[in-house]
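Colleague: Quick one: structure below, then a few questions.
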Amino acid sequence: MRITIFGATGLLGKHLVEKWNTDEVVGLGSKDADIRDPQQAWNAVYRTHPDWIVLAAAYTDVDGCESNRELAFDVNCHGAMNVARAAKRHGARMLFLSSDYVFDGTGNTPYEVDHQRAPRSVYGQSKAEAEIRLSEIMPDACIVRTSWLFGEGGRCFPDTVLKLATSRSEIDVVDDQRGSPTYAADLAHAIAQLCSRDASGIVHATNRGDCSWFEFAREIVSRAGLTTIIKPTTSDKFVRPAERPKYSVLSSSSLEKYAITMPGWEDALKRYLAARKLTES
Ligand SMILES: NC(=O)c1ccc[n+]([C@@H]2O[C@H](COP(=O)([O-])OP(=O)(O)OC[C@H]3O[C@@H](n4cnc5c(N)ncnc54)[C@H](OP(=O)(O)O)[C@@H]3O)[C@@H](O)[C@H]2O)c1
């Protein structure tokens, strides 16, 4: 199969390009094709002639989206539609990356794919709107919602914690937001499997298990053999422009329908730390 990845220079995109060795893969960054421009999206699809398009390109600065609503919708929603229209015209299938932020986060059991969207941030709204419009344009598109992405080759929570831990004896981390950390390498593998299994509709794909940011940070520091103390705190002490979902654990039942199981997040973290060590040495 021929695969075109938009967003190949990002955290997930880099892992997609690196791990996807069963097919012919072309990776594009925003300099190769700015998806806000329909002509550029069209040319990129025409030039690469894919069987599948993986759309990992997005404006992902969640707080930045609050003050740049137009940019958020231009990239995350209208840009995605530009790619979808080009994909449809060229007869390519499409897999679109979405987010746990489409939910309001007031639940306390894992969200199923058909749970009502109720985004509380501009970023979440731009993704929710893109999901709805994409399903109208391409009913057979696959929409993969994921959460709390981490991995080598980009800014992510474990990397921030490890950097802070080298200069601080204590770090305060919120303990009242719960989700599932997801290793980009594992997500890339699941995405390749979904395409090979002709997936369509909404699929939730995260590492197994869940934790709070505090529990995640504590595990990161402990597994890295550091002595920095991680202290639990609450979101009201860390007010940020965009509201974060309090609970955004995604049910894995939609992924299991395709006979795909993702490893647990602790195991994923262990592999990430080993890979990070290698890239540092
Ligand atoms: N990170 C998370 O925790 C998380 C959680 C849930 C869902 N997601 C979703 O997963 C996907 C991948 O996330 P990520 O963290 O890997 O993203 P990322 O590291 O921020 O990378 C974003 C990518 O989008 C590209 N891009 C931005 N604006 C573009 C434009 N106008 N035209 C074309 N490309 C553009 C960037 O290209 P350049 O670098 O070349 O400019 C980059 O390759 C996104 O859809 C994101 O919304 C992420």
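Throughout, read-outs are computed from the coordinates displayed, never taken from laboratory work. In this text the structure is predicted, and so the values were computed from the model without any measurement. Neighbour counts are summed over all protein chains in view; Cβ atoms, including those assigned to glycine, are modelled from backbone coordinates with ideal geometry.
Colleague: If you go through region 98-130 one residue at a time, how many are among the charged types (D, E, K, R) and surrounded by 21 or more Cβ atoms within 10 Å (Cβ to Cβ)?
Modeller: 2
Colleague: Yes or no: THR4 touching a Leu at 6+ places or on another chain (Cβ under 9 Å), closer than 22 Å to PRO181 by Cβ and either without any contact (Cβ under 8 Å) to a residue 40 or more places away in the chain or of a type in the set (S, T, N, Q) (or both)?
Modeller: no
Colleague: Would you tally the residues in region 221-256 being part of a loop (DSSP other than H, G, I, E, B) and either touching a residue at least 60 places away in the same chain (Cβ under 8 Å) or among the small types (Gly, Ala, Ser) (or both)?
Modeller: 17
Colleague: Give region 260-281 a look and list any residue that's hydrophobic (A, V, I, L, M, F, W, C), without any contact (Cβ under 8 Å) to a residue 60 or more places away in the chain and either farther than 17 Å from VAL221 by Cβ or in contact with a Cys (Cβ under 8 Å, 6 or more places away or on another chain) (or both), or say none.
Modeller: LEU278
Colleague: Out of (1) more than 13 Å from the ligand (Cβ to nearest atom); (2) free of Cβ contacts under 8 Å to residues at least 12 places away in the same chain; (3) among the polar types (S, T, N, Q), the odd one out for GLN39 is which?
Modeller: (1)
Colleague: Does region 76-92 contain any residue that is in contact with a Phe, Trp or Tyr (Cβ under 9 Å, 6 or more places away or on another chain), in a loop (DSSP other than H, G, I, E, B) and either free of Cβ contacts under 8 Å to residues at least 60 places away in the same chain or within 24 Å of PRO245 (Cβ to Cβ) (or both)?
Modeller: Checked against the condition, which is being in contact with a Phe, Trp or Tyr (Cβ under 9 Å, 6 or more places away or on another chain), in a loop (DSSP other than H, G, I, E, B) and either free of Cβ contacts under 8 Å to residues at least 60 places away in the same chain or within 24 Å of PRO245 (Cβ to Cβ) (or both), region 76-92 yields no hits at all.
Colleague: I'd like the residue in region 235-248 that is closer than 18 Å to TYR123 by Cα and not charged (D, E, K, R) and, out of all such residues, is surrounded by the fewest Cβ atoms within 10 Å (Cβ to Cβ).
Modeller: Here the residue is VAL239.
Colleague: Still on this structure, please answer the following. Considering ARG133, ARG120, ARG155, ARG145, which residue is over 24 Å from VAL203 (Cα atoms) and within 16 Å of the ligand (Cβ to nearest atom)?
Modeller: Selected residue: ARG155, the only one of ARG133, ARG120, ARG155, ARG145 that is over 24 Å from VAL203 (Cα atoms) and within 16 Å of the ligand (Cβ to nearest atom).
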